[in-house]
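The values are calculated or read from the model by the stated rules, or taken from the named source; none is laboratory data. Quantities reported herein were computed from a predicted structural model and do not represent experimental measurements. Cβ sites come from the backbone with ideal geometry, for glycine too, and all protein chains shown count toward neighbours. Note: accessible area is taken over every heavy atom of the protein model, side chains too, but ligands, DNA and RNA are not part of it. Shrake-Rupley method; radii C 1.70, N 1.55, O 1.52, S 1.80 Å.
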Amino acid sequence: MMKPIRDQYERPLRDIRISVTDQCNFRCSYCMPAEVFGKDYAFLPEEECLTFEEIYQVVSAAAELGAEKVRITGGEPLLRKNLSELIEKLATIKGIRDIALTTNAVLLTKYARDLKAAGLQRVNVSLDAIEDDVFKKMNGRSVGVRPVLRGIDAAREAGLGVKINMVVKKGVNDGQILPMATYFKDEGLTLRFIEFMDVGSTNGWNFDSVVTKKEIIQMLDTEFDVYPVEEMYYGEVASRYQYSGTKTEVGVISSVSESFCSTCTRARVSAEGRLFTCLFATEGYDLKSLLRNSASYEEAREAIASIWRRRTNRYSDERTEETAKQRGKIEMSYIGG
Ligand code: SAM
Ligand code: SF4
Ligand code: SF4
């Protein structure tokens, strides 16, 4: 095993996130606003996406450099054909001890069992409201909550770990914070509120549209008795709390109001094979061309290592209204969160 690599701030490479498609069956207003991602939007054709073999090579290389966790994302990752085959390959990589998937869940009724059998351990399901009216507006496709709840049930029945993620946008779904907490507390599932972020340049973000961690906790305190839980591992992004008298947790990912760049261990690879060292980056390194132009596996691994060693990103620590307006930042649907 090689020595785990570290970046300029001594942050190790621990997690690798792979987007398998930029397409989606939703149009969440904070991620793929319908006016930008309309019917003429040119999504990547599958031949331009990394193949499963190429993804396997990238993850194997990252694992040799110290990565232990892999997360499959998108767009909507369940739209990628035969995804279980990829999971099966990734599950054989030495050093990878956690394989997770982020999804809007509507296709889990179809795929949860196969994914679990292939080696997937857990899913993070995105659900931004428990009331149909609010959720239909947010997902831009008028999908009600039932298909998502059915997907969650399918994942649980298949034996997958399940956490729920809710992006909170002021004036849009902050009224859903307590109803969501009540629902998932009763279900015994961890719910994590995510502060709305200025990823990309199309979602109309400004500071005023963010409901902060402090505000969310104050709101929870009006209804529940919650207490903070110790951090489980280096680089954990959620501030975790537990409902007293239960084992159920609730958390907040405070990327805006309390950033966590100093322990950020994530590398991200877009569906077309660009490596990014920050969610707010403008430039990615073209691994696909490297892999397709007959570079050896070792060369690809050294390219990843050298990019990580030079890494200095800490966008969220330095965020201002001005940086938020920067053009050319990658879109969330392109890089996958
Ligand atoms: N389609 C899948 C899903 O929604 O779970 C995977 C991709 S989605 C881009 C990954 C995560 O990013 C989701 O949890 C989504 O809610 C979150 N996300 C998207 N745009 C965001 C934003 N502007 N701020 C915070 N989180 C965002
Ligand atoms: Fe699609 Fe996920 Fe983005 Fe919603 S958050 S538009 S489901 S990629
Ligand atoms: Fe990591 Fe960039 Fe987010 Fe900071 S802003 S936590 S460096 S992805």
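Scanning segment 105-127 for residues that are at negative phi and either out of contact with any Gly (no Cβ under 8 Å at 6 or more places or on another chain) or within 16 Å of ligand 3 (Cβ to nearest atom) (or both) turns up LYS110, TYR111, ARG113, ASP114, LEU115, ALA117, ALA118, LEU120, ASN124, SER126, LEU127.
Condition first: more than 16 Å from ligand 1 (Cβ to nearest atom) and over 30 Å from THR282 (Cβ atoms). Can you find one or more residues in segment 160-174 that meet it? It would help to see each step written out before you state the result.
Here is the first cut: in segment 160-174, the residues more than 16 Å from ligand 1 (Cβ to nearest atom) are none.
Looking for residues that are more than 16 Å from ligand 1 (Cβ to nearest atom) and over 30 Å from THR282 (Cβ atoms), one finds none in segment 160-174, hence no.
In this structure, does ALA238 turn out to be without any contact (Cβ under 8 Å) to a residue 24 or more places away in the chain, open to solvent by less than 40 Å² (accessible area, probe 1.4 Å) and either more than 23 Å from GLY171 (Cα to Cα) or within 16 Å of ligand 3 (Cβ to nearest atom) (or both)?
Details: without any contact (Cβ under 8 Å) to a residue 24 or more places away in the chain: no; open to solvent by less than 40 Å² (accessible area, probe 1.4 Å): yes; either more than 23 Å from GLY171 (Cα to Cα) or within 16 Å of ligand 3 (Cβ to nearest atom) (or both): yes.
So ALA238 does not fit the description; no.
Considering only segment 162-199, state which residues are touching a residue at least 60 places away in the same chain (Cβ under 8 Å) and touching a strand residue (DSSP E or B) at 6+ places or on another chain (Cβ under 7 Å).
Taking segment 162-199 and keeping what is touching a residue at least 60 places away in the same chain (Cβ under 8 Å), we get 165, 167, 169, 172, 181, 184-185, 188, 190-199.
Scanning segment 162-199 gives ASN165, VAL167, ALA181, PHE184, LYS185, THR190, LEU191, ARG192, PHE193, ILE194, GLU195, PHE196.
Give segment 22-36 a look and list any residue that's in contact (Cβ under 8 Å) with a residue 60 or more places away in the chain and either within 16 Å of ligand 3 (Cβ to nearest atom) or buried (at least 16 other Cβ atoms within 10 Å of the Cβ) (or both), or say none. Reasoning before the result, please.
Of the residues in segment 22-36, the ones in contact (Cβ under 8 Å) with a residue 60 or more places away in the chain are 22, 24-34, 36.
Matches in segment 22-36: ASP22, CYS24, PHE26, ARG27, CYS28, SER29, TYR30, CYS31, MET32, PRO33.
Going by the conditions given, is ALA100 surrounded by 19 or more Cβ atoms within 10 Å (Cβ to Cβ) and of a type outside the set (Ser, Thr, Tyr)? I'd like the intermediate steps shown before the answer.
Numbers: surrounded by 19 or more Cβ atoms within 10 Å (Cβ to Cβ): yes; of a type outside the set (Ser, Thr, Tyr): yes.
So ALA100 passes the test.
Looking at LEU108, LEU115, LEU191, which is the one that is surrounded by 21 or more Cβ atoms within 10 Å (Cβ to Cβ) and either over 19 Å from the mean Cα position of the chain (by Cα) or over 19 Å from GLU76 (Cβ atoms) (or both)? Steps first, please.
Details: LEU108 fails: either over 19 Å from the mean Cα position of the chain (by Cα) or over 19 Å from GLU76 (Cβ atoms) (or both); LEU115 fails: either over 19 Å from the mean Cα position of the chain (by Cα) or over 19 Å from GLU76 (Cβ atoms) (or both).
Answer to the check: LEU191.
Of everything listed in (1) open to solvent by less than 10 Å² (accessible area, probe 1.4 Å); (2) hydrophobic (A, V, I, L, M, F, W, C); (3) assigned to a loop (DSSP other than H, G, I, E, B); (4) more than 16 Å from ligand 3 (Cβ to nearest atom), the single unmet condition for VAL172 is (1). Among the residues of segment 109-117, not a single one is more than 15 Å from GLY159 (Cα to Cα) and away from ligand 1 (no atom under 14 Å from the Cβ). Give segment 37-84 a look and list any residue that's assigned to a loop (DSSP other than H, G, I, E, B) and crowded, with 19+ Cβ neighbours inside 10 Å, or say none. Answer for segment 37-84, where residues must be assigned to a loop (DSSP other than H, G, I, E, B) and crowded, with 19+ Cβ neighbours inside 10 Å: PHE37, CYS49, LEU50, LEU65, GLY66, ALA67, GLY74, GLY75, GLU76, ARG80. Here ALA300 fulfils each of the conditions (1) within 16 Å of ligand 2 (Cβ to nearest atom); (2) not in a loop (DSSP other than H, G, I, E, B) apart from (1).
Of ALA303, ALA271, ALA281, which residue is over 23 Å from GLY74 (Cβ atoms) and either within 16 Å of ligand 1 (Cβ to nearest atom) or surrounded by fewer than 20 Cβ atoms within 10 Å (Cβ to Cβ) (or both)? Please lay out each step first, then the result.
Details: ALA271 fails: over 23 Å from GLY74 (Cβ atoms); ALA281 fails: over 23 Å from GLY74 (Cβ atoms).
Of the residues listed, the single one that is over 23 Å from GLY74 (Cβ atoms) and either within 16 Å of ligand 1 (Cβ to nearest atom) or surrounded by fewer than 20 Cβ atoms within 10 Å (Cβ to Cβ) (or both) is ALA303.
Here THR92 clears all of (1) farther than 28 Å from ILE164 by Cβ; (2) polar (S, T, N, Q); (3) within 16 Å of ligand 2 (Cβ to nearest atom) except the condition numbered (3).
Among residues of segment 312-331 that are without any contact (Cβ under 8 Å) to a residue 12 or more places away in the chain and among the charged types (D, E, K, R), those with a Cβ under 9 angstrom from a residue that is open to solvent by less than 30 Å² (accessible area, probe 1.4 Å) and more than 16 Å from ligand 2 (Cβ to nearest atom), sequence gap 6+ or separate chain, pair up as GLU318/CYS261.
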